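Written below as structure tokens is the structure these notes are about.
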Amino acid sequence: MASLTARDLRLGYGDRIVVDGLSLDLGDAGVTAIIGPNGCGKSTLLRALGRLLKPHAGRVLLDGDDIAKVPTREVAKRLAILPQAPQAPEGLTVADLVTRGRHPHQSWYRQWSSSDEGAVADALAKTGLLELADRPLDELSGGQRQRAWISMALAQDTGLLLLDEPTTFLDLAHQIEVLELIRRLHADHGRTVVMVLHDLNLAARYADRLVAMRDGRVAASGAPAEVLTVELLAEVFGLDAKIITDPVSGGPLVVPLGGARSATARPPDGS
Amino acid sequence: MRSPIPRTAPAGSVRTGGVSLTVRVARVSFRVRPRPITVALAGLGLLALLMALSVGRGDFPIGVGDVFRTLLGGEENRFVVMELRLPRALTGALVGAALGLSGAIAQAVARNPLASPDVLGVTSGASVAVVLVMITGGGYGGVSGLIATLGVPFAGLAGGLVAGIGVYLLAWRHGLDGYRLVLVGIGVTSIAANVKWWLLTIGDVDQASRAMVWITGSLNGRGWEHVRPVALALMLLIPLTLLGAHKLEALRLGDDSARGLGLRVDLARSLLVLAAVALAAVATASAGPVEFVALAAPQIALRLCGSTRPPLVGSLVVGAVLTVGADLIARTAFGGVELPVGVVTAVLGAPFLIYLLVRSRRKAT
């Protein structure tokens, strides 16, 4: 089982420190969703976990090894990271893109081995893209395109998948399509997934574990029902909300009070 | 459970070049697409024909058949073919190949069809350095024999490298953005152009007019001493570049994705750009700035091969064909007047550049 641990991370861009003194253990957690308000440092944290961002201080341990000291190619065989809204060159087909996922396993003389071929076919099948393999990405729907990128990460054949907002720019139906796929990747194929998500209710529904961040630190972490409390939502998001039971999943469902608060939350005073 | 991948594209899918063949011997494995190979072979055939035509042209015309006979060992016209005319055709082919390959790498790395050594300052940097050497007394038939043969190519090489690397460093800001690279390149190119004109203005008239011929890009009077350095540089740079080609595939997905795939992005890109700059600088050093070949060849090869990025081998072959073809036109189309090859490539290339600009603007909006 792949393990990923952050130790006393300080992250930032230039002089601007976004995350300071953050420690987190992400081993064996199934699907983890990192949630938090805009600018809380969740994407920054994910980038550091995937060694796209070098920490100012602290370490990221991948299976116990300092990720900065493991050759990046070796890291790529154990951990796949999908950046937010990735861009493919014009005209690239789904199969071409998924084939790129084999890069860490290839070299100049070994460019298309039978294990490459198998892994690509496997990744296409798991994401339901075999039919679309020869279609250019720019002709696909947003959900299909996102599935293609996830398929590329799958072809990397890693135990760990880091996804930065895999549902951005997708409508609700496509968000569900992508999240169902992510759920299956863990349930059926044993991948450990860490993703940044914006939508609290979808995070609660599809993740085994939530990590709530605020101002570059972890405010709470644990099962969705433990993390999503009225107090935490007020503290982390500054949001007045009611938590009810999701009639479908039985998990927590966040109902923001917002402007409706005056009508429902305040007891009627009779006047 | 792994299902076999459909290796051949269904009918109607042309974007990826359709069919591909897998070659596997022991631990070596490749996937080959027949269309780029066909394009490369056809291009080489056309190149041989154009070179033979070019060798045959001159005050003493020789038929294409006779040219091939002489090249294959015939004694007839041996001196004219081997010593006087073949070096020119070879220089043209090699220079074109280097420019085509250089452009293909630059365009693929920058993810921008406008990125080519012409735009990225390499050719203009080389021009400034060469003009400086010529004006200050080097040049052909100048003060010393050593400077005459080594000075100009060396100045071209050094100027091209300095300008190309300078543009790359100036464009760097937490990574490389294709448009930023092109914009910085255009800026540096125009500064270099003005320095060049200034040097020509203050220089001696004779020197300046010789320099003018050089900075238009000419294959006139090229001998084996011009062929050897380009050939040597290409023998070194082409294999190195082709070995790094599979890194281009990952690089084209953007920095973050490429890093995620385990590519040392900055190192790979720097080496590839360095190779592109070196190729263009070597080419410019030996023939002067033959404009637009590096810009047009990769885009033409891309369309011929039906691929999603400029094909390296295809661009190399197309570059050679374009340059030798343009030289042939320059020498034959205007009666007794022989134009420098750079004039022809510029006249043909400028509309192509406009086409690319119009096309990329449409895509952006």
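What follows is calculated from the coordinates using simple rules that are stated; it is not laboratory data. From a predicted model like this one, the values you see are computed outputs, not experimental measurements. In this analysis, Cβ positions are derived from the backbone assuming ideal geometry, glycine residues included, and neighbour counts consider all displayed protein chains.
At a glance:
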read-out: Shape of region A:4-264, Cα gyration tensor, a/c cut at 1.5; value: oblate
read-out: Computed over chain B: relative contact order in percent, which uses C-alpha pairs under 8 Å that are six or more apart; value: 28
read-out: Net charge of Cβ neighbours under 12 Å - reference A:Pro83; Lys, Arg +1; Asp, Glu -1; value: -2
read-out: Calculated diffusion of region A:136-271, Stokes-Einstein form, Kirkwood radius summed over Cα pairs, 37 °C and 0.692 mPa s, µm²/s; value: 196
read-out: Rounded FRET efficiency, nearest 0.05, which uses the C-beta distance separating A:Gln84 from A:Ala223 and R0 of 25 Å; value: 0.45
read-out: Selected from A:Glu180, A:Glu226, A:Glu90 as most flexible by GNM, with chain A as the system and alpha-carbon contacts under 10 Å; value: A:Glu90
read-out: Residue mean of other protein chain beta carbons inside 10 Å, B:122-134; value: 0
read-out: Average beta-carbon neighbours from other chains, 10 Å sphere, peptide A:106-118; value: 6
read-out: Net charge dipole size for region A:4-264 [Lys, Arg +1 and Asp, Glu -1 on Cβ; Debye, nearest 20]; value: 540
read-out: Gap separating the Cα centres of region A:23-94 and region B:29-61, nearest whole Å; value: 48
read-out: All-pairs Cα distance distribution in region B:36-364, expressed in whole percent, bin size 20 Å; value: 33, 57, 10, 0
read-out: Distant-in-sequence amide H partners of A:Gly36 (H built 1.01 Å from N, under 5 Å); value: A:Met213
read-out: Most mobile of B:Glu291, B:Glu75, B:Glu338 in a GNM of chain B (Cα contacts under 10 Å); value: B:Glu75
read-out: Amide hydrogen neighbours beyond the local backbone of A:Ala241, cut-off 5 Å, H modeled; value: A:Leu257
read-out: Computed magnitude of the charge dipole of chain B (debye, nearest 20; Cβ of K, R +1, Cβ of D, E -1); value: 1840
read-out: Estimated dipole of the protein assembly as shown in Debye, rounded to 20 [Cβ of Lys and Arg +1, of Asp and Glu -1, Cα centre]; value: 660
read-out: Per-residue Cβ neighbour rank within 10 angstrom, fewest leading, A:Val218, A:Val196; value: A:Val218, A:Val196
read-out: Two-site FRET efficiency, B:Ile191 against B:Ile354, from Cβ-Cβ distance with R₀ of 25 Å, rounded to 0.05; value: 0.65
read-out: Paramagnetic label zone (point 7 Å from Cα along Cα-to-C-beta, A:Arg10; backbone N under 16 Å) in region A:18-37; value: A:18-23
read-out: Cβ-based charge dipole, the protein assembly as shown, positive-most Cα from B:His246, B:Leu263, A:Ile182; value: B:His246
read-out: Among beta bridges that DSSP assigns inside the protein assembly as shown, antiparallel share in %, nearest 5; value: 60
read-out: Average beta-carbon neighbours from other chains, 10 Å sphere, peptide A:67-77; value: 2
read-out: DSSP-defined beta bridges in chain A - what % are antiparallel, rounded to 5; value: 60
read-out: Around A:Ala48: net Lys/Arg minus Asp/Glu count, Cβ-Cβ under 13 Å; value: +3
read-out: Amide hydrogen neighbours beyond the local backbone of B:Ser20, cut-off 5 Å, H modeled; value: B:Ala9
read-out: GNM flexibility winner over chain A from A:Asp28, A:Asp246, A:Asp15 (Cα, springs under 10 Å); value: A:Asp15
read-out: Mean Cβ count within 10 Å, highest first, over the residues of peptides B:166-173, A:201-208; value: A:201-208, B:166-173
